[in-house]
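Derivation of every value follows stated rules applied to the coordinates shown; laboratory data play no part. No experiment lies behind these values; they were computed from the predicted model shown. Heads up, the Cβs are rebuilt from the backbone with ideal geometry, glycines too, and the neighbour counts pull from every protein chain shown.
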């Protein structure tokens, strides 16, 4: 399998450009994700990685270019609609609902796939009760999947940092997304937590979820990615398997500024 | 989590409360105090509305008194000009106020918190000025007198004592509805928006829709309170609906505990009764102390009395039953007040 | 009614009121820019000095200059106390907490002043003996000219302060990036305290200027606060020149609308402007759209 073929791509990014006033954050980036792959998006700080996630998830609108998710354009759609279509993401700084419990946080993740509204809630219709039960069960199972089951009743703000990142992932996973966008999930994790994360990502891939992973932790990237795309100054400078990228001179130069090799 | 959950005497407890509530007007002999109690109940309903938009959804609404006013005037006009009875104004006033809530909530969607607070102030002032000055329609400063007492079938609620039961029923309805909302998918969406709007949107919550709905609910509650008020005092005038009242509602909510249903009611009752009990604490004294109390509470007890009760309660629960802190096999759905 | 003299008179009056709004808006905008808070009690920082003017001049019969200096001193104290009690303990919290806290402070100050000074509107003696002065053919009360002149002097002073002095640069740095300022060795907490004091002094100046031409009551601050909000929003919430332009704009528009449309609804116009700006161009004249870092 080669990276970046356009056929049957679940996510297609064509000539994506994003300008903020005078600053060009992304410049003509192409990227194609195959269903079920884990793609790492790496590059020095400021290379535009998070901007890509923001454009794909509908938080920003592209200046130029297009993004297609499952064949449909995402441009100008409000983010919650994209969530309904099967896309989920996490954030660089864990954006949890701090005053809700861990369990409730995950339950919110299923909001786009459920319906319970005002009338049903107020009248305590049986359909609502059934749906609530289903949401709760799914949330419990998802917490078990990521290993946070014991903390279910804790308030999210009381979780240690590494577990907060896990909670974010759980909240994203509960809706069984086809595409999962992860923004530096390993940031702030110690080696043992990172190794657990690798296992988790592998199991996520096993469920058939496609993952676009922005990361700085090179060990994680090398271990888990199927393919790697490298950005620098908003442009794509390399794309290929982890081994190919490791030995790519332009990539090394972008990170280190002079000729050197990764250990 | 309420420490009440752990107590084995749940049903008898609620039964006792119900009996006390039912007998309250008889226990309080004075007509004046029952009248004050009625006022406290009506305020509680308005504060409950504020709890939805501010306590749950985290949007600062400094115009709740305007919706109260809209509800009151709608009831007053329909009753005195068209002869509509209580149950009819009861059905129309809250939705009318809710419509105005949407008028306020919808265009302000793109505004973040700071701007929203100011927009609500502006809205409240405009409504107040209109009610005060549009003589032909609202009677201007003179207001609208002559609203009739509620009559439901054979029951006439013209005394303070009888009105109490009507108001109490409305309060119970309002409170139970809110508890249901809080513990539902919708309630979680509201709280998610409060805690992190972007993350809520990216979890699938249509934040625009829910913010407007929160405004509509808040103003519906306010309108309901206003309608009850109109039929209780039988006279409305715009003097009462100025921004000070919106601020008073915020004080009641913050002191009672934003986010808590019980807190909203406790806060409203406290701030209605305290100035009455301590006569010398009327007017400016009361308000000055409330103002100081707000600052103190925001610093030391931002979750208000309800938050204080919760933390004391959970500490007590731990001490009373150390054995039962094992993780239950199944995770029950928590109902929080 | 539309002759040039009347129009000019209206304009000057509008500019005078607008200058006061600008001063209050400036106080408000400074705190917003420096520490990101909406100070609901900004009107009280005008009301309190106005009352003190009345006491010092009418009751104690002090001469003007010492009285004004005393008031500035009092406002320094006021700003420091306000900072320490209302803002400082809440500095990490979400902005709604601080806003509600300033609402509480405003409530407290308004009612305390009602208890201390009573409900009767007070008057302060006029600064000038003459009723009106011939200014380029237009007859205007000299106090108005004083107000406008004071604003001009203050704007110049403030420009010098922020752009040309070290203290001003430190204040700007703290406002723009607090952590960076700290790393550069700037005593951030002290700078913030100074900002609060400066904002209070601005309120004091507004109160001093207003006292001779306005009835001083304990809820006068309220309307000023609201119009300061409106001015700041119209001019652009993070913008200092915006606050000034916004204040002048609202002062003038309000006056002309009151004169030609309806005097009863006089106070409404500022809020119509407020809501219009919020709906059509929330960033105001000079504000920049600040995008949240995601």
>> I'd like the orientation of helix A:161-173 relative to chain A: the angle between its Cα long axis and the longest Cα principal axis, in ° from 0 to 90, rounded to 10.
In response: 80
> Given a Förster distance of 56 angstrom, what is the FRET efficiency for residue A:72 paired with residue C:152, based on the Cβ-Cβ distance and rounded to 0.05?
Replying inline: 0.45
> By how many degrees, between 0 and 90 and to the nearest 10, does the Cα long axis of helix C:220-235 differ from the longest principal axis of chain C?
Replying inline: 70
> What 222 nm value per residue comes from the helices of chain B, counting each DSSP H run with n ≥ 4 as -39,500 (n - 2.57) and dividing by all residues, nearest 500 deg cm²/dmol?
Replying inline: -23000 deg cm²/dmol
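Please work out how much length the chain gains when fully extended from residue C:279 to residue C:167, using 0.36 nm per residue of separation minus the C-alpha to C-alpha distance, in nm with one decimal. The partial results should precede the final answer.
Values: separation 112, 0.36 × 112 = 40.32 nm, distance 3.72 nm.
Going from the current span to full extension adds 36.6 nm.
Just from its helices, what would the mean residue ellipticity at 222 nm be for chain C, if runs of 4 or more DSSP H residues each count -39500 (n - 2.57) and the sum is divided by every residue, rounded to the nearest 500 deg cm²/dmol?
Values: 11 runs with 198 residues, N = 294.
Result for chain C: -23000 deg cm²/dmol, rounded to the nearest 500.
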> Under a GNM of chain C (C-alpha, springs under 10 Å), which listed residue has the highest mean-square fluctuation: C:222, C:78, C:64?
Replying inline: C:64
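Over chain B, what is the relative contact order in percent, taking alpha-carbon pairs closer than 8 angstrom and at least six residues apart?
Values: 517 pairs, mean separation 110.5, N = 337.
Averaging sequence separation for qualifying contacts and normalising by length gives 33 percent for chain B.
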> Hey, in the GNM for chain C with a 10 angstrom Cα cutoff, which one of C:155, C:130, C:140 fluctuates hardest?
Replying inline: C:130
> Which whole-angstrom value gives the distance between the alpha carbon centres of the stretch C:106-133 and the stretch B:189-234?
Replying inline: 40
> Between residue A:154 and residue C:184, what is the FRET efficiency for a Förster distance of 25 Å, r being their Cβ-Cβ separation, to the nearest 0.05?
Replying inline: 0.05
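Could you grab the relative contact order for the stretch C:12-220? Cα pairs under 8 Å, six or more apart, rounded to a whole percent. It would help to have the intermediate numbers written out before the result.
Numbers: 254 pairs, mean separation 90.0, N = 209.
Once divided by the residue count of the stretch C:12-220, the mean separation gives 43 percent.
Hey, what number do you get for chain A at 222 nm if only DSSP H runs of n ≥ 4 count, each worth -39500 (n - 2.57), divided across all residues, to the nearest 500? Mind dumping the intermediate values first?
Details: 10 runs with 96 residues, N = 263.
Only helices count here, giving -10500 deg cm²/dmol.
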> Among B:14, C:144, C:265, which comes first, second and so on when ranked by fewest other beta-carbon atoms within 10 Å?
Replying inline: B:14, C:265, C:144
> Using a Gaussian network model of chain C with C-alpha springs under 10 Å, which one of C:200, C:211, C:126 is most mobile by mean-square fluctuation?
Replying inline: C:126
>> Given points 7 Å out from each Cα along the Cα-Cβ axis, report the residue C:159 to residue C:6 separation in nanometres with one decimal.
In response: 3.6
> Which FRET efficiency value, to the nearest 0.05, do you get for residue A:113 and residue B:15 by plugging their Cβ-Cβ distance into 1/(1 + (r/R0)^6) with R0 = 56 Å?
Replying inline: 0.85
> Which percent, to the nearest 5, of DSSP beta bridges fully inside the protein assembly as shown are antiparallel?
Replying inline: 65
> In percent, what relative contact order does chain A have, based on Cα pairs under 8 Å that are 6 or more apart in sequence?
Replying inline: 26
> Could you give the nm distance between label points at residue A:64 and residue A:134, where each point is 7 Å from its Cα heading toward the beta carbon?
Replying inline: 4.6
> Cα axis of helix C:240-260 to longest principal axis of chain C: angle in degrees, 0 to 90, nearest 10?
Replying inline: 30
> Between residue B:176 and residue B:103, what length comes free when the chain is fully extended (0.36 nm per residue of separation minus the Cα-Cα distance, one decimal in nm)?
Replying inline: 23.6 nm
>> If you average the C-alpha positions of the stretch B:62-99 and of the stretch A:207-261 separately, how far apart do those two centres end up, in angstrom?
In response: 64
>> So if I take the centroid of the Cα atoms in the stretch A:15-43 and the same for the stretch C:26-89, what is the distance between those two points in Å?
In response: 53
> For labels at residue A:176 and residue B:82 in the simple 7 Å Cα→Cβ model, what's the distance in nm?
Replying inline: 5.1
